[in-house]
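As structure tokens, the structure follows; a few thoughts come after it.
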Amino acid sequence: MRYYFFSLIFFLAACGNSVTMPQASIPIAVEAVPTISPDNSQLAAAQRNYNTLCAHCHGYGGDGQPLETAERTETLGYHTVPLHNSAGHTWQHPDQLLFETIKYGVESPINLYTMTPFGDLLSDDEIFAIIDYLRLWWTDDQQTWQEQLTTQFAENNPYWSESPVDEE
């Protein structure tokens, strides 16, 4: 449980202004829904899982919450659902944090993004495949930056595991 809490704190901190990013130098180009080769069964399955479990909130093109429901969400005191395409900020988080967010969800103790956990529905490999699918929406520069961030996270957290031990 301790790992989940620290991951949530890292997630919230990473979304703030404390992350130094060369955003001005990384172009944003919103892409259409990626075309997946039927021969790539892992990405095809990831696209199906994303469309089934994620797209109703994050959009089939990774474009986030539809504008017609965004105002109601904000009126209720919540932030709108994040975009996963290149116009969003998903690429600004390491794989490990994206994995934990998908697997364990976000309980949202301070009324940010609430998200159902999908760890009971998806295997760890399926979760990482969804992250690979999300990458298809990002620019080459964003993919490079996110890969460096993932590597840095691994170096700074050598004991991170997909299945943390609950120490309660």
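The values are calculated or read from the model by the stated rules, or taken from the named source; none is laboratory data. Being a predicted model, the structure only gives us computed values, none of them experimental. Positions of Cβ are backbone-derived with ideal geometry, glycine not excepted, and every protein chain shown enters the neighbour counts.
Assess whether Gln146 counts as being at pLDDT 95 or above, under 23 Å from Asn40 (Cα atoms) and assigned to a helix (DSSP H, G or I).
yes
(1) in contact with a helix residue (DSSP H, G or I) (Cβ under 8 Å, 6 or more places away or on another chain); (2) surrounded by fewer than 18 Cβ atoms within 10 Å (Cβ to Cβ): which one isn't true of Ile130, the others all being true?
Here Ile130 clears every test but (2).
How many residues, within the stretch 122-137, are within 13 Å of the chain's Cα centre (by Cα) and without any contact (Cβ under 8 Å) to a residue 60 or more places away in the chain?
The qualifying residues number 4.
With surrounded by 15 or more Cβ atoms within 10 Å (Cβ to Cβ), over 16 Å from Met115 (Cα atoms), of a type in the set (A, V, I, L, M, F, W, C) and at pLDDT below 75 as the only criterion, which of Phe10, Phe6 stands out?
Answer to the check: Phe10.
From the list Pro38, Pro94, which residue is under 15 Å from the mean Cα position of the chain (by Cα) and either under 27 Å from Trp160 (Cα atoms) or loosely packed, with under 15 Cβ neighbours inside 10 Å (or both)?
Matching residue, one of Pro38, Pro94: Pro94.
Criterion first (assigned to a loop (DSSP other than H, G, I, E, B) and touching a residue at least 24 places away in the same chain (Cβ under 8 Å)) does Gly119 satisfy it?
no
Give me the pairs, please: first residue somewhere in the stretch 40-65 and free of Cβ contacts under 8 Å to residues at least 24 places away in the same chain, second residue anywhere and in a loop (DSSP other than H, G, I, E, B), beta-carbon distance under 8 Å, and either six or more positions apart or on two chains.
If the second residue must be in a loop (DSSP other than H, G, I, E, B), the pairs left are Ala44/Ile36; Ala44/Ser37; Ala44/Pro38; Asn51/Tyr60; Gln65/Gly59; Gln65/Thr80; Gln65/Val81.
Scan the stretch 97-107 and give yes if some residue there is of a type in the set (D, E, K, R), at pLDDT below 90, more than 23 Å from Asp140 (Cα to Cα) and more than 18 Å from the chain's Cα centre (by Cα), otherwise no.
Checking the stretch 97-107: not a single residue is of a type in the set (D, E, K, R), at pLDDT below 90, more than 23 Å from Asp140 (Cα to Cα) and more than 18 Å from the chain's Cα centre (by Cα).
Does Ala87 count as over 11 Å from the mean Cα position of the chain (by Cα), under 21 Å from Asn51 (Cβ atoms) and of a type in the set (A, V, I, L, M, F, W, C)?
Yes: the conditions hold for Ala87.
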